[in-house]
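Written below as structure tokens is the structure these notes are about.
The values are calculated or read from the model by the stated rules, or taken from the named source; none is laboratory data. Owing to the predicted nature of the structure, the values given are computational and were not obtained by experimental measurement. Cβ sites come from the backbone with ideal geometry, for glycine too, and all protein chains shown count toward neighbours. Side chains included, ligands, DNA and RNA excluded: accessible areas come from the protein's heavy atoms. Shrake-Rupley method; radii C 1.70, N 1.55, O 1.52, S 1.80 Å.
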Amino acid sequence: MILVTGGAGFIGSNFVLDWLAGSDEAVVNVDKLTYAGNLRNLDAVRSHAGHVFVQADIGDTAVISQLLQQHRPRAVLNFAAESHVDRSITGPAAFIETNVLGTFRLLEAVREYWSALPEAERAAFRFLHVSTDEVYGTLSAQDPAFTETKAYEPNSPYSASKAASDHLVRAWHHTYGLPVLTTNCSNNYGPFHFPEKLIPLMIVNALAGKPLPVYGDGMQVRDWLFVKDHCSAIRRVLEAGVTGETYNVGGWNEMPNIEIVRRVCALLDELRPRADGVSYATQLTYVKDRPGHDRRYAIDARKIERELGWKPAETFDTGIRKTVEWYLANGEWLADVQSGGYRDWVSTQYGQAA
Ligand code: NAD
Ligand code: DAU
């Protein structure tokens with residue numbers, strides 16, 4: 001049994017689906033169901049005997065402790081977080097609450113549970129913390145890609161809150177001996193990505209005939225990884241990672257935002273052309289830049305490749321095509337997310353969502 005937090009979000013739900021497809025080991029999925037949590041992502045495992053969903057906050061120590069005692073997981077994987085940089089700029093409080101205090105409370109509940117395990121189970125236990133490359137700050141065009149030894153220089157409320165959580169995880173290892181693993185991954189894309197983030201937002205706006213808002217000059221660089229590859233990296237780190245170590249995860253896929261938007265438009269032109277025959281790229285609009293916008297992220301993924309033998313399965317070409325195809329084939333999911341209808345569905349299925 002493993003316990004996953006944030007398993008109704010974008011990456012967490014992909015992880016739970018992949019885990020249950022490839023393993024007989026059950027998953028307890030603990031998610032608060034914020035605006036970003038969507039149980040529809042988990043439709044395929046709704047009646048799976050190995051999936052136990054619990055709506056709860058990672059900061060609710062009583063509930064988390066009770067779940068740990070009840071299910072006795074061999075590992076806890078922490079995906080739960082406030083994840084959107086723009087939201088962290090307009091409302092940082094929720095980021096401090098969940099990413100910093102929530103992680104702290106989760107660590108304490110896990111430490112109490114882990115401390116009381118029999119010796120062999122204590123040694124085998126793992127706390128895997130899912131983090132981001134944004135903690136390293138920004139790069140210039142000439143800088144080498146982020147390695148695991150790069151100093152933390154977070155620039156947004158989001159990245160500062162994630163950096164704080166990474167430091168707590170590290171300290172719980174050094175001080176208490178909790179067997180932790182941390183992964184720092186670059187930008188993910190793929191199915192179930194909430195349409196506030198760049199790629200799904202561009203797809204939905206393009207299809208709706210709306211402007212495609214590119215911040216600033218559009219030359220900010222991100223390093224893109226298909227979400228299923230992030231999930232396979234996390235499984236590999238859980239299986240073979242050395243406790244106390246951090247692992248950078250990325251696909252060697254740096255690309256300026258403007259190019260991402262153009263690639264999405266080109267795929268839509270091919271797969272669902274506009275009725276008037278004009279390219280979706282004509283909807284592209286440059287808008288005011290994000291405050292404090294980091295210029296470039298790039299992941300040096302050699303450590304996880306060398307030490308754990310992990311490599312991504314998708315190139316950007318194959319991954320982005322799968323992604324655009326997925327959104328075109330899942331109009332109902334998208335309409336539901338956009339209308340907020342998925343909140344109603346959650347309350348009829350699982351009781352009132354927060
Ligand atoms: P997401 O916003 O799609 O999902 C977050 C999930 O966490 C949601 O289901 C939400 O309901 C849940 N959640 C939020 N607060 C909670 C709380 N207090 N208690 C319990 N559940 C709570 O985020 P995502 O993109 O899937 O990111 C997952 C993790 O991966 C985050 O820790 C994020 O920092 C990290 N990460 C994301 C990316 C990316 O590109 N999306 C890249 C690297 C790392
Ligand atoms: O690098 C990993 C991080 O990637 C994760 O830790 C975060 O959780 C995740 O949200 C993501 O952060 P970004 O800020 O990079 O993702 P976002 O999709 O918000 O933006 C990607 C880039 O596109 C960024 O440079 C801002 C730009 N952008 C974004 C939006 C939503 C635009 O130009 N226009 C937009 O409308």
## Note on the structure
From highest to lowest solvent-accessible area (probe 1.4 Å; ligands, DNA and RNA excluded), 1, 219 read 219, 1
### 18 Å Cα-Cα reach of residue 150 towards lysines, excluding residues that sit fewer than 8 places from it in its own chain
162, 303
### Query
When DSSP assigns beta bridges and you keep just the ones with both residues in segment 9-149, what percent turn out antiparallel, to the nearest 5?
0 percent
### Message
With angles folded into 0 to 90 degrees, how steeply does helix 103-115 sit against the dominant principal axis of the chain? Use alpha carbons for both and round to 10.
### Response
30 degrees
### Magnitude of the charge dipole, the chain, Cβ model with Lys/Arg +1 and Asp/Glu -1, debye to 20
60 debye
### Query
Can you give the convex hull volume per residue for the Cα atoms of the chain, as a whole number of Å³?
131 Å³
### Task
For segment 263-306 and segment 10-37, compute the distance between their C-alpha centroids and round to whole Å.
27 Å
## Note on the structure
Connecting every pair of Cα atoms under 10 Å apart in the chain and solving the GNM, the largest mean-square fluctuation among 232, 165, 339 falls on 339
#### Entry: Proximal aspartates and glutamates to residue 311, defined as alpha-carbon separation beneath 19 angstrom and excluding residues fewer than eight positions away on the same chain
18, 133, 148, 223, 229, 239, 245, 254, 300
### Query
Looking at the chain, which longest stretch skips every one of the trypsin sites (Lys or Arg not before Pro) that is in a DSSP loop with at most 12 other Cβ atoms within 10 Å, leaving the sites themselves out?
47-287
### Task
Please work out the Cα center distance from segment 71-109 to segment 132-196, rounded to the nearest Å.
13 Å
### Query
Once the piece of chain linking residue 258 and residue 271 is laid out straight, how much longer is it, given 0.36 nm per residue of separation minus the C-alpha distance between them?
2.7 nm
### Message
Using a 1.4 Å probe on the protein heavy atoms only, what accessible surface does residue 90 show? Give it in Å² to the nearest 10.
### Response
120 Å²
